[in-house]
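Trainee: Please see the structure below; I have some questions.
The values are calculated or read from the model by the stated rules, or taken from the named source; none is laboratory data. This one's a predicted model, so the numbers in the text were calculated from it and none came from an experiment. Counting neighbours? That spans all protein chains shown, and the Cβs are built from the backbone with ideal geometry, glycine included.
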Amino acid sequence: MPALPVMTKILLANIDKPDQASIAKYRERGGYKALEKALAMEQTALIDEVKASGLRGRGGAGFPTGMKWSFVPRNTNKPTYLLCNADESEPGTFKDRILMERDPHMLIEGMAIACYALNCHLSYIYIRGEYEFVANTQQKALDEAYEAKILGPSVMGKDFALDIFVHLGQGAYICGEETSLIESLEGNRGYPRIKPPFPATHGFLASPTVVNNVETLAALPWIVQNGAAAYAAIGTEKSKGTKLFSVSGHVAKPGVYEVDLGYPLLDFINKEAGGVANGRKLKAVIPGGSSVPVMTAAECEGVLLDYESLLKAGSMLGSGGMIVLDETTSMPETLSVIADFYAHESCGQCTPCREGTGWAAKILKNIIAGEGKRSDVDLLLKIADMMEGKTICPLADADVMPIRSFVTKFRSEFEDLCSN
Amino acid sequence: MPKFTLNGQEIEAKAGQTIIQAAEDHGVEIPHYCYHADLPIDGNCRMCLVDVEKMPKLTPACTTLVNEGMVVRSENERVKQAVRGVLEFLLINHPVDCPVCDQAGECRLQDYYMVYGLHTSEIPLGMKVRKRKVIDLGPMVVLDQERCVLCSRCIRFFEHVTETGEMQFFGRGDHVAIGTFEDRPLNNPYSGNVVDICPVGALTSRDFRFKCRVWFLHATDSICGGCSTGCAVRIDHRDGAIFRMIPRRNPEVNRSWLCDEGRLSFHELNKTERISRPLMKGRDGVQAPVTWEEAVRSIDARLKEIRAANGAGSILGFASPSATNEGLFLFKRYVGDQLGATQFDFRVDSEDKNVLEEEDQILRHFDKHPNSTGAIKLGLMSKELGGIDGAIEAARAGQIKAGVVIYFPPLVRRACDEEVEGRVFELIDVLEYSVVLAAHKSEWQTAASVVLPVTPWSEEEGTYTNFEGRVQFAGKAIDAGGDALAVWEAFAMLLHASGAESPWMSAEDVFASLTEHVPAYREVTLDKTRLPGVIVG
Amino acid sequence: MIQFTEEAKRRYQTILSHYPERRAALLPVLTLAQREFGWISQEVAEYIGRLMRYPPSDVLSVATFYTMLHKKPAGKYHIDICKNVSCWLMGVNPCVDEIKRQLGVERRDVTADGKFSWDTTECLGSCGTAPAMQIGDRYYENLTPKSVAEIIENLRNE
C-alpha cells in the first residue's frame, strides 16, 4: 500500500485555535500579511499568480478561478463586482459554514485580495438565510476589519477603497447557482439567467461580476503568501491544492476535513472519518453532495479524491459534501429524500425541471409506499432523459444524476418494492 | 447578413436575428410557447430546442443568435424527442379539460400534441398538481391556473408593454402559479391582449367565453374602427354576427396588440336599431319608406332646385370621419364635383380636432374615428366653416339651405357623445332640406328630409387612412340587413341619377378612381394597403 | 395600517445604503418586515410595495419564492427541522414525530397559545451534526426525540 501524502493544512490550519474569529488572534497568527503583500503587487500579476496556482472553484463546478477572473473586461466604464457565494445549500455540504464561523477574517482577506486583483470596490457575501448566526459572526469580523482600516476608503493605507456587505438569502437552494444568486441579490425571484451573456460581462446590475465560493476565496491568502508554485505542488497534475470535504451519514467521525486533492477515497472514509459507524459495511458513497452520482462500495475501490479521478469513476467531486451510506440503507428511500429536495427547490422557471423533478419525486413516493408498478422504474429513467441537458440551469441535471445512478446501480431494490 | 443552414437549406438571416426569427421569416415554424415576437425573450418553455452543430447540448432557438455558417437542425429525431419530452412534461399537470375549454381549436398544447406528442399519459389523475380555477380578473379576463404552462407571456406583457405589472408568478417549483395581487381585477385598458397571447386556455376572454367554438367562426381581416390609430384586426363572425375581434400583427402600427375599447367596439353596432329602408318626407311632412331609386331621383332633383334658387354655395356636404375613403370620395364627387357645392366639413366634436393627439403612449388616440385623415386628404375640411358649429350657424343665417350628411356615431363611446349627437340633430333640424346617410336609428331621424340606410364599419369593405396617413384595407365581415348600401354605392346611384358617369361596380373600382384623381394617393395600389399599409403624403 | 417602528425605519435606511440600486434591498427589507410583523401578509406586501415603490404583486411574487419568508402566521418559536439525506439517515423521522406529539399541530399550523409552529425544511448544513433543526437564528443539532422534547419544554417555559 502506498504511503499517504503528507497533508498540508491551508484552510483549516487555525480552525480549532482559540478565538481565531477575532481580528487580534487572526493577525497574531499571520493574518492580513497576504493582503499587504497583494496590495504591493500589480493587479494583473495577482491574477497570473492565481492562474498559476491552479486553484479551481470549490463550489461544485471546479472551474479554474484565475481563468474566470481573466474573463472580466477591464476598463469598462462600469464597476466590477465580486460576489462571494456563501449560499451553501447542497445536501451534505457544510464546509463554508465552518470557515465563516471559525475563521471569518480568512474569507475577508481572500475577498480583499480578489477585489484588489479585479479592481472591485463593492462586494457582497451572499449567505443563505438559515446561516444567520454564521452571518452574525462574519458581520462582526467585517466590523472589526473596517475598524482596523482593512476595509473602507483606504484598504490598509493603500489608495484602494473597498466595501464588503453581508446579504442574507431567505431559503432557496437555487440561489447557489451564480446567475440565480445575482438575480436574488438584485431583489428578484431567484430565476437563473440564460447564458450568454455571462456574469463576467453582464452580472450584478448588468456589470462585470465574478462569483466565487467561500472556500475558493479563503484559499487566496495562503496562495499569495506562499506563492502559486507552493500551492500547485500540492495535489495532482490537474487538481491542485487542498480541498475541504464535509463528511456525514454513516461514519464514525462526521465533520469537515482538509485533504490534498488526490487523497484516496476509502482512506478518507476509514482513516479521517473514522470508518463506517457501528462496525457496519459500506454500501455506497455520494462523494460530492447530493447532486453527484452515487458510487457503490465496489466502485470506491482505488478511487482518488480529485476532479479527474471521480469523473473517471462515473461520479464527481462536486462541493465535497460526502455522504456515506451503510449496508442497512434503503436506496429507494434515500433517492426519494433526494428527489423531494430537488422538487422542492426547483425554481419553476423552465418546463423540464419544474415538471420533471416533481413528477419523479411523486413516483418515488409511490414506490416506497408500495404502490408503484415495475414500469415506474423505467419511467424514472425516462424522466431523467427528458430532463437532462434541456434546462436553463443545472438543477434538473443535479436531479438526473442521483436518479439515474441510484436506479441503475440498485435497480432490484426499486423493483422489489413494486407490484407486478 | 449571416448565412446559416437550417434543415439542410441555406438561409440568410438578418443581423441580430435569433434562430427562431430567421426560421419564421423563411416559413419554418419552430414550436414554442414563451417566445413572442413583440415581447422580450425569456427562454423558459424549452419547446424550441434545436440541434446546432458543435454545440454539445440542444439549444433554444429563441435565445440563440444566428452565426455565420451555423448548421441548425430543427426536425431531426434528437430534437423531436426533446420536444416530445417537454410537451409531455407540460401535460402531466394539465387538467386536459379540452371539452369545456374555450381555447380548444386554437390551443398550442392541442396543436403540438397532434404533431409531436400522441403519447399516452403516464401520470395517474391523483398525482396531478391542483391549482385554482375560474378566477375573475376583471372585465376582460378569466384565469384558470391549472391550464397555465407558465410561459410568462402575460407577465411580460404587463411588465413591458403596459408597464403596470399586475400579473406575477407566485410560489415555486411545480406549484408556481400566475395571478394578480389578491385576485385584483386587471383594470388597465389593454388587459384583453393577454387572452390573445396566452398560448393555452389559462386566460380566456370574459366577453367571448362559451359563446362559440372557434372552428365555427369565419375570419375577416379588417382595421379597428374604434379610433384613428388603425390597428390591424381580425373579425371572427358567424351567421351575420360578430363574435370577437382580435388583433392581427402589424409591426408598423399596433404590433400584436389591441386596446380593450377597440376589442369590444363591435358590440356598439348592435346596441341600437338599424335603419332598414330609405325614408322620405312627403308633402305632409311625414316620413315614409321609398325605394332607393325613388329616393335618389328625388334627392338629385331637389338639390338641383335649391342650387338653382340659391347657388351651389347653399349646399353643405357634411361627411363622417368613420366612413371609408371610397364612400367619402364618391360623396365629394357627387356633392362637390356634380352639384358644385364648396362647403365641406366632417368635424362634429371639437373646433380644433387634432387627429394626432395620443390618449396614451401605447395605441389609443383621442380621435375616435378611423378615417379623419382620409376625410382631410379628400378635402372635406373647410377652414371657413370650422366644423359643425360653423355649419349650424351658417344654416341659421340662411347661407346654407341644404345638406348631405353622413353620420356614424363612434364605436368607442365617450362622455361627450350625447352632446355631439345633439349638435348633429341641431344641424339636420336647421337645414331646409337634409339628406342623411346613416346606419342606426336616432332622434334626428325625424328631422331629416331623406334618410338613406348605409352600412357601417365591418359591413362594407374599403380603406381607412389612420392618424399618420397610413392607408389600410378593411374587409367586409358581414352583410348588413335590409336595404342598406355601402356609402359609395349610395353616391354612385346619386351620380347616376344626376346624369354623371358612374362606372363603379365595387369598392375596388372606386379605390382605383380615387388613386387616379387624388394626388396624395397616386402611388397607392390596393395591394399596398394590406399589411402593413402604406403612408400617403 | 401597519408601519415600521422608528427603529425599523432606521434599519431600513441602513439597508438601502448598502446597495447601489434600491431594488437590491428588497429581500433584506422583506426579512426585516418579517422580523417586525411576524410574516409577510398581503398587508405587509402592500406596505413594502408602497415604501419601495413596487406593485404589491411584485413584492409578493418575490416573497413567495423564498421559503424562509412566511406566507401565513407563524408561532413565536417557529421550528424548522431538516428532513434531508444526512438528517434522514441519522434518524430525523422520530424527532419529527416528537415535535408533532409535543405541539399537537400539523406542519405550518400554529399552537393555540401562539407560541409554536413547525415545518420540515431542506438541508440546513448541519449534516455532520445530524439530525438538526433551526429555531429563530439558533441551530439545535445531534437531535434525539428526547432532546427535542427538552428543547420544546424549555421554550415553553421561557
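Trainee: I'd like the residue in region C:23-70 that is among the hydroxyl-bearing types (Ser, Thr, Tyr) and not in a helix (DSSP H, G or I) and, out of all such residues, is farthest from the other protein chains (Cβ to nearest Cβ).
Mentor: Across region C:23-70, the extreme among qualifying residues is C:SER41.
Trainee: Within region B:139-154, can you find the residues that are surrounded by 18 or more Cβ atoms within 10 Å (Cβ to Cβ) and of a type outside the set (A, V, I, L, M, F, W, C)?
Mentor: Start the filter on region B:139-154 by keeping residues that are surrounded by 18 or more Cβ atoms within 10 Å (Cβ to Cβ), which leaves B:140-154.
Listed by number, the residues that qualify are B:ASP144, B:GLN145, B:GLU146, B:ARG147, B:SER152, B:ARG153.
Trainee: Further question: Quick one: in region A:368-390, which of the residues that are under 19 Å from B:VAL129 (Cβ atoms) and of a type in the set (A, V, I, L, M, F, W, C) is nearest to the chain's Cα centre (by Cα)?
Mentor: Checked region A:368-390; the qualifying residue nearest to the chain's Cα centre (by Cα) is A:MET387.
Trainee: Check B:PRO199, B:PRO185 and return the single one that is touching a Cys at 6+ places or on another chain (Cβ under 9 Å) and either modelled with pLDDT of 95 or more or within 14 Å of chain A (Cβ to nearest Cβ) (or both).
Mentor: B:PRO199
Trainee: Now for a different question. Filter region C:127-142 down to residues that are closer than 12 Å to C:SER86 by Cα and at the interface with another protein chain (Cβ under 7 Å from one of its Cβ atoms) and give me whichever is surrounded by the most Cβ atoms within 10 Å (Cβ to Cβ).
Mentor: Among those that are closer than 12 Å to C:SER86 by Cα and at the interface with another protein chain (Cβ under 7 Å from one of its Cβ atoms), it is C:CYS127.
Trainee: Still on this structure, I have one more. Considering only residues that are surrounded by fewer than 16 Cβ atoms within 10 Å (Cβ to Cβ), outside any strand (DSSP E or B) and either touching a residue at least 40 places away in the same chain (Cβ under 8 Å) or not hydrophobic (A, V, I, L, M, F, W, C) (or both), which ones fall in region B:8-31? Steps first, please.
Mentor: Here is the first cut: in region B:8-31, the residues surrounded by fewer than 16 Cβ atoms within 10 Å (Cβ to Cβ) are B:8-10, B:12, B:14-16, B:25-27, B:29.
Still in the running and outside any strand (DSSP E or B): B:8, B:14-16, B:25-27, B:29.
Across region B:8-31, the qualifying residues are B:GLY8, B:LYS14, B:GLY16, B:ASP25, B:HIS26, B:GLY27, B:GLU29.
Trainee: Hey, could you check region A:165-204 for residues that are in contact with a Cys (Cβ under 8 Å, 6 or more places away or on another chain), outside any helix (DSSP H, G or I) and more than 10 Å from every other protein chain (Cβ to nearest Cβ) and say which is surrounded by the fewest Cβ atoms within 10 Å (Cβ to Cβ)?
Mentor: A:PRO192
Trainee: Additional query: Can you report the number of residues in region B:61-81 which are crowded, with 24+ Cβ neighbours inside 10 Å and either on the phi > 0 side of the Ramachandran plot or free of Cβ contacts under 8 Å to residues at least 60 places away in the same chain (or both)? Before you say what the answer is, go through the steps one by one.
Mentor: Within region B:61-81, the subset crowded, with 24+ Cβ neighbours inside 10 Å is B:61-62, B:66, B:72.
Narrowing further to those that are either on the phi > 0 side of the Ramachandran plot or free of Cβ contacts under 8 Å to residues at least 60 places away in the same chain (or both): B:61-62.
Within region B:61-81, residues that are crowded, with 24+ Cβ neighbours inside 10 Å and either on the phi > 0 side of the Ramachandran plot or free of Cβ contacts under 8 Å to residues at least 60 places away in the same chain (or both) number 2.
Trainee: Report the residue count in region B:32-77 for those that are of a type in the set (Val, Ile, Thr), out of contact with any Gly (no Cβ under 8 Å at 6 or more places or on another chain) and not in a strand (DSSP E or B).
Mentor: Applying the first criterion (of a type in the set (Val, Ile, Thr)) to region B:32-77 yields B:41, B:50, B:52, B:59, B:63-64, B:66, B:71-72.
Narrowing further to those that are out of contact with any Gly (no Cβ under 8 Å at 6 or more places or on another chain): B:41, B:50, B:52, B:59, B:64, B:66, B:71-72.
Going one step further and asking which of them are not in a strand (DSSP E or B), we end up with B:41, B:64, B:66.
The number of residues fulfilling the criteria is 3.
Trainee: Right, here's the next one. Suppose the filter is under 21 Å from the mean Cα position of the chain (by Cα) and over 30 Å from C:TRP88 (Cβ atoms); does A:LEU107 pass it? It would help to see each step written out before you state the result.
Mentor: Working: under 21 Å from the mean Cα position of the chain (by Cα): yes; over 30 Å from C:TRP88 (Cβ atoms): yes.
Yes; evaluated as a whole, the condition is true for this residue.
Trainee: Would you check if B:ASP183 is in contact (Cβ under 8 Å) with a residue 24 or more places away in the chain and either in contact with a Lys or Arg (Cβ under 7 Å, 6 or more places away or on another chain) or farther than 16 Å from B:ASP144 by Cβ (or both)?
Mentor: no
Trainee: Which number in (1) of a type in the set (Gly, Ala, Ser); (2) more than 14 Å from chain B (Cβ to nearest Cβ); (3) buried (at least 22 other Cβ atoms within 10 Å of the Cβ); (4) assigned to a helix (DSSP H, G or I) marks the one condition that A:GLY318 misses?
Mentor: Of the numbered conditions (1) of a type in the set (Gly, Ala, Ser); (2) more than 14 Å from chain B (Cβ to nearest Cβ); (3) buried (at least 22 other Cβ atoms within 10 Å of the Cβ); (4) assigned to a helix (DSSP H, G or I), the odd one out for A:GLY318 is (4).
Trainee: Let me ask you something else. Can you pull out the residues in region A:387-404 that are surrounded by fewer than 22 Cβ atoms within 10 Å (Cβ to Cβ) and in a helix (DSSP H, G or I)?
Mentor: A:ASP397, A:ARG404
Trainee: Still on this structure: Out of A:ILE174, A:ILE194, A:ILE150, which single residue is of a type outside the set (Phe, Trp, Tyr), touching a His at 6+ places or on another chain (Cβ under 9 Å) and more than 26 Å from A:ALA52 (Cα to Cα)?
Mentor: A:ILE150
Trainee: Look at region C:83-105 and say how many of its residues are more than 18 Å from the chain's Cα centre (by Cα), away from every other protein chain (no Cβ under 14 Å) and crowded, with 19+ Cβ neighbours inside 10 Å.
Mentor: So the count comes out to 3.
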